[in-house]
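Read-outs: derived from the displayed coordinates by stated rules, not from any lab. On a predicted model such as this, the values are computed, not experimentally measured, just so you know. Here the Cβ positions follow ideal geometry from the backbone for every residue, glycine too, while neighbour counts run over all protein chains shown.
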Amino acid sequence: MIMEKRRDGMREDAFFSAALLSASGISPAIARRLIARLGSAAAAWQASGEDLAPVLSDAPRQALLALRQKKPELPEEIAAACGAKGIAVCAMEDETYPALLREIFQPPLVLFYRGTLAPKASRLAMVGARRASTYGKHVAEEIASDLARDGVTVVSGAARGIDTASHRGALRTGRTVAVLGCGLDIVYPPENGRLLADIAEQGAVISEYPPGTRPLAAFFPARNRIISGLSRGTIVVEAAEKSGSLITAELALSEGRDVFAVPGSIYSETSRGCHRLIQQGAKLVVDAADVLAEYEIGQADPAAEKKRRVAVPGDLSPEEQAVYDVLAFDAGLTVDEIIYRLHGRSEVSNVAFLLLQMELAGWVEADENRAYSRAVKEGNR
């Protein structure tokens, strides 16, 4: 059965495009050439080997013919899966397709999504380390929350670490978009199922892959081009020297988009990539106001920002304050290390009890090794 038009108004060609892209060796660029030559994705899917030969070399041509022979109704199967699982679809020609994404070198032919695309929204990407520090996750959540409050849609990849923190921060005050490297019916990482559902309610979850596509390593670099392509700029919060986040930053630069980086400790492996970006010309940022200043978006209040930066915990005892002062955001200290740094401070005793009190109050956090760091950036309370 050949689909003429879905009743919900979506382009039926989107499902034929998705079927074409399921064949090994057919990239979005090759699929676009096929469609341009043969008139439509449906015609390309149904074309003979002879008609495919001017565009496809032998290997992808044979792969497409074999796929079509094995799954002749694959476009209809993709459409049915989307309908059953509440997944919407748009093609590049649709009004709902984000305009900025059309401008990149290899825009996806098809977007599968849950939620609302909001193609005219102001978007900024936030990416970073999966094994993020307490400092990195806190900074990402804070910046994302402030950006979303000022009307920016925060785009990230729903991975562990910085991505998850960025989505959570944005959800507190506004809108966020998650771009996946698998089908939308696959929850990855598994612990983010509730988060992805919340994002779909308050923004959008997007993929170029049809339902049922497993999260393979090769898909994530391709996913990164969509994250940067949707966005006016990319903010990197913690990245090692060899990091997928740096790939996203490089993709943004290649498309003439802005790149921002958050600095960290010079001793932190997960900040070395950010420091290299800053050395190469990325703008150093410490809060959302630094980013918003580059664009005519948001209503950041400079007075409020100043107040936030200078505020400190006001309800700490002198002993608690002394302990708090030796802690940092990006490097945890054990109780013994804290006692060592407090050497000579006779007014401080029972450090473990003080840390427990501040942890219960939300001022400090302990990791799995009971290394303590500041949990709240100065000015957030």
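A few comments on the model shown:
- Segment 114-309: Cα Rg divided by the 2.2 N^0.38 Å rule of thumb: 0.94
- Evaluated with a Cβ-only charge set (Lys, Arg +1; Asp, Glu -1), the chain carries a dipole of roughly 800 debye about its Cα centre, given to the nearest 20.
- Fewest-first ranking of 96, 176, using other Cβ atoms within 10 Å as the exposure measure: 96, 176
- Filter on 120/283; 137/242; 120/242 - keep pairs with C-alpha separation over 22 Å: 120/283; 120/242
- Note on the chain: Kirkwood hydrodynamic radius from all Cα pairs is 22.6 Å, rounded to one decimal.
- Against the empirical 2.2 N^0.38 Å (N residues), segment 318-374 has a Cα radius of gyration ratio of 0.99.
- With the helix formula -39500 (n - 2.57) applied to DSSP H stretches of n ≥ 4, the chain reaches a computed 222 nm mean residue ellipticity of -12500 deg cm²/dmol.
- Low-density loop positions, chymotrypsin sites (Phe, Trp or Tyr not before Pro), segment 201-269 - DSSP coil, at most 12 other Cβ in 10 Å: 267
- Sorting 138, 343, 275 from the fewest to the most surrounding beta carbons within 10 angstrom yields 343, 275, 138.
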